[in-house]
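This report refers to the structure that appears directly beneath it.
The values are calculated or read from the model by the stated rules, or taken from the named source; none is laboratory data. These figures come from a predicted structure and were not determined experimentally. Here the Cβ positions follow ideal geometry from the backbone for every residue, glycine too, while neighbour counts run over all protein chains shown.
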Amino acid sequence: MLTADPTGQSLWRPLRLLLAAMDEEIGRFYADRGVEAVKPRYVMPLLRLAGAGPSTIKALAEGLSLTHSAVSQTVAAMERDGLVTTRAGERDARTKEVVLTDTARELVPLLEREWRATEAALAELERDIPYPLSRVVQDVEDALRTTSFSARIERHLHEPR
């Protein structure tokens, strides 16, 4: 019988903490400019809506490679923060379309500048480290195509620890 708390050890925790810290710095970028309503997770959907126009949650989720649930929650939060509204779909009134508010449209130039600056900062960071994070992601994806993560978990469930 195992009694030790397994959560004391985590290979992923440092990565999650790193990403959270970087997102926090992006959030601080907006806060420092008096833009309290924008959260880092809002930027990609807001920019997509700015470029493509109103969209259903389903289409937005597909275009962003996110789950419907995640986008639905983000849209609800952005609506509470006054950045988007929803309306009955133009093609199908049973669907909801997400539309930028005037407030969000005014923020789009800043969002675009931050996005481009963040991408440039990430490219610079990748040059400063011996093994770029984008390469790590590609290597992990390649390995998971060979053996899925769930198959790997299943294999280890049966190994005594």
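Against the list (1) over 18 Å from residue 82 (Cβ atoms); (2) within 17 Å of the chain's Cα centre (by Cα); (3) modelled with pLDDT of 95 or more, the condition residue 47 fails is (1). Given the condition surrounded by 12 or more Cβ atoms within 10 Å (Cβ to Cβ), in contact with a Ser or Thr (Cβ under 6 Å, 6 or more places away or on another chain) and basic (Lys, Arg), answer yes or no: does some residue in the stretch 93-103 qualify? Checking the stretch 93-103: at least one residue is surrounded by 12 or more Cβ atoms within 10 Å (Cβ to Cβ), in contact with a Ser or Thr (Cβ under 6 Å, 6 or more places away or on another chain) and basic (Lys, Arg). Could you check, for the stretch 122-138, whether at least one of its residues is assigned by TED's automatic domain parsing to the domain that holds residue 35, in contact with a strand residue (DSSP E or B) (Cβ under 7 Å, 6 or more places away or on another chain) and surrounded by 10 or more Cβ atoms within 10 Å (Cβ to Cβ)? No, because not a single residue in the stretch 122-138 is assigned by TED's automatic domain parsing to the domain that holds residue 35, in contact with a strand residue (DSSP E or B) (Cβ under 7 Å, 6 or more places away or on another chain) and surrounded by 10 or more Cβ atoms within 10 Å (Cβ to Cβ).
Every residue, every condition in (1) surrounded by fewer than 17 Cβ atoms within 10 Å (Cβ to Cβ); (2) among the small types (Gly, Ala, Ser); (3) not assigned by TED's automatic domain parsing to the domain that holds residue 94, yes or no:
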residue	(1), (2), (3)
8	yes, yes, yes
17	yes, no, no
25	yes, no, no
38	no, no, no
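In this structure, residue 4 qualifies as outside the structural domain of residue 121 (by TED's automatic domain parsing) and not in a helix (DSSP H, G or I).
Among the residues of the stretch 7-20, is any aromatic (Phe, Trp, Tyr) and not in a helix (DSSP H, G or I)? So that I can check it myself, show each step before the final result.
Quick first cut of the stretch 7-20, residues aromatic (Phe, Trp, Tyr) only: 12.
Next cut, not in a helix (DSSP H, G or I) only: 12.
Yes, the stretch 7-20 has at least one match.
Candidates in the stretch 40-73 are the residues that are of a type in the set (Val, Ile, Thr) and farther than 19 Å from residue 114 by Cα; of these, the one that is surrounded by the fewest Cβ atoms within 10 Å (Cβ to Cβ) is 67.
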